[in-house]
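Trainee: One structure coming up, written as structure tokens, with questions to follow.
The values are calculated or read from the model by the stated rules, or taken from the named source; none is laboratory data. The shown structure was predicted, so the numbers you read here are calculated from the model rather than taken from an experiment. Every residue, glycine among them, receives a Cβ derived from its backbone with ideal geometry; neighbour counts consider all protein chains shown. Just so you know, the surface numbers come from the protein's heavy atoms only, side chains and all, with ligands and any DNA or RNA stripped out. Shrake-Rupley method; radii C 1.70, N 1.55, O 1.52, S 1.80 Å.
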Amino acid sequence: MPVKPVIKIGNPILNQISEPVSFIDDKLKQGLIQDMLDTMAAENGAGIAAPQIGVNQRIIIFGIGKNPRYPDAEPVPTTILINPVVTPLGDEKKDGWEGCLSVPGYRGLVERYTSVRYTGLNENGIRIDRVVSDFHAIVVQHEVDHLDGILYPQRIKDMSQFGLIEELEAAGRVPKINKVEA
Ligand code: NI
């Protein structure tokens, strides 16, 4: 299955609200979902949303193994989530540096809920219902934002906390090893 080009910020597809998936079948699994998996792997992403390969449907994929690139992140199982719903648990939020495959070369400081519950269907139509926190919670919030037409720069409160990776790294503002893009 082909690796698809990742659509970049400025393309209006990324600003649209995506449509719910009405049924899950082999065509979806072998087509769009496989393309998303292949593209995420090729780009070394921690996550990807269907609009990033040009399809406005409510599907996200995320996951990271124990990886020296993400030393602070707990492993997140590779998860295919269709029609996801995310609910914050409590009011606690935390700032973290985020990157996005659709905003290459940049990082920005974004506030996200620390703990969330998420539900949805996997590629076999089985319901997923998880309570997660920290990196796992951040990546899910980032991906679901893509389905609502929101890119992380729209969530940055202070635009002085946004910049090119190499400048932020040279200034010691982001850890050199933190290359998470989603
Ligand atoms: Ni992204």
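Trainee: Once phi is turned into θ = phi - 60°, what whole-Hz ³J(HN,Hα) does the Karplus curve with 6.51, -1.76 and 1.60 give for every residue of region 35-45, x standing for Gly and Pro?
Mentor: Karplus values, whole Hz, x for Gly and Pro: 4, 5, 4, 5, 5, 4, 5, 5, 8, 6, x.
Trainee: Let me ask you something else. Taking every pair of alpha-carbon atoms in region 68-169, give the share separated by more than 21 Å as a whole percent.
Mentor: That tail contains 37 percent of the Cα-Cα pairs.
Trainee: Jot down the per residue volume, in cubic angstrom and as a whole number, of the convex hull over the alpha-carbon atoms of the chain.
Mentor: 110 Å³
Trainee: Under the classification rounded if a/c is under 1.5, otherwise prolate if a/b is larger than b/c and oblate if not, where does region 1-59 fall, given a ≥ b ≥ c as square roots of the Cα gyration tensor eigenvalues? Can you show the working numbers first?
Mentor: Working: a/c = 2.10, a/b = 1.07, b/c = 1.96.
It is oblate, given that a/c is not under 1.5 and a/b is not larger than b/c.
Trainee: Exceeding 29 Å between C-alpha atoms, which entries from my cross-link table qualify? They are LYS27/LYS93; LYS66/LYS157; LYS29/LYS66.
Mentor: Over 29 Å Cα-Cα: LYS27/LYS93; LYS66/LYS157.
Trainee: For ALA46, which sequence-distant residues (separation of 5 or more, or a different chain) have an amide H within less than 5 Å of its own amide H, given hydrogens modelled in the peptide plane?
Mentor: Close amide H contacts, sequence-distant or interchain: GLU181, ALA182.
Trainee: Nearest 500 deg cm²/dmol is fine: what mean residue ellipticity at 222 nm does the chain get from its DSSP H runs of n ≥ 4 alone, each adding -39,500 (n - 2.57), divided by its residue count?
Mentor: On the way: 3 runs with 29 residues, N = 182.
That calculation yields -4500 deg cm²/dmol at 222 nm.
Trainee: Leaving out ligands, DNA and RNA, what percent of the accessible area of region 77-140 is carbon and sulfur, probe 1.4 Å?
Mentor: Ligands and nucleic acids excluded, carbon and sulfur give 49 percent.
Trainee: What ³J(HN,Hα) values, in whole Hz, does the Karplus curve 6.51 cos²θ - 1.76 cosθ + 1.60 give for region 127-143 when θ = phi - 60°, with x put for Gly and Pro?
Mentor: Whole-Hz 3J(HN,Hα) from phi for region 127-143: 6, 10, 8, 9, 10, 9, 9, 6, 4, 4, 5, 5, 5, 5, 4, 4, 5.
Trainee: With a 1.4 Å probe and all protein chains left in place, how much of the accessible area of region 1-45 comes from carbon and sulfur atoms, in whole percent?
Mentor: Its accessible area is 55 percent carbon and sulfur atoms.
Trainee: To continue, here is another question. Using 1/(1 + (r/R0)^6) with R0 = 25 angstrom and r between the beta carbons of ARG173 and LYS66, what's the FRET efficiency to the nearest 0.05? Don't skip to the end; give the middle numbers.
Mentor: On the way: r = 26 Å, r/R0 = 1.03.
The value I calculate is 0.45.
Trainee: Another question, then. Residue by residue through region 148-163, what is 3J(HN,Hα) from phi via Karplus (6.51 cos²θ - 1.76 cosθ + 1.60, θ = phi - 60°)? Round to whole Hz and write x for glycine and proline.
Mentor: 3J(HN,Hα) across region 148-163, in whole Hz: 9, x, 10, 9, 4, x, 5, 9, 6, 7, 10, 5, 6, 9, 8, x.
Trainee: As a test question: what accessible area, to the nearest 10 Å², does LYS29 have when a 1.4 Å probe is rolled over all protein chains in place?
Mentor: Using a 1.4 Å probe on the heavy atoms, I get roughly 60 Å².
Trainee: Follow-up question, since we're still on this one. With the other protein chains left in place, how much accessible area per residue, in square angstrom, belongs to region 12-170 at a 1.4 angstrom probe?
Mentor: Using a 1.4 Å probe on heavy atoms only, each residue of region 12-170 averages 46 Å².
Trainee: Using a simple spin-label model with points 7 Å from Cα along the Cα→Cβ vector, what separation in nm is obtained for ASP26 and ASN56?
Mentor: The two pseudo-label positions are separated by 3.1 nm.
Trainee: Say each of ASP148 and GLU74 gets a label point 7 Å from the Cα, pointing the same way as Cα to Cβ; how far apart are those two points in nm?
Mentor: Computed distance between label sites ASP148 and GLU74 equals 2.4 nm.
Trainee: Ok, one more. What distance in nm lies between label points placed 7 Å from Cα along the C-beta direction at LYS94 and ILE9?
Mentor: 2.4 nm
Trainee: Still on this structure: Suppose the chain between VAL131 and GLN16 were pulled fully straight at 0.36 nm per residue; how much longer would it get relative to their current alpha carbon spacing?
Mentor: Roughly 38.7 nm would be gained on extension.
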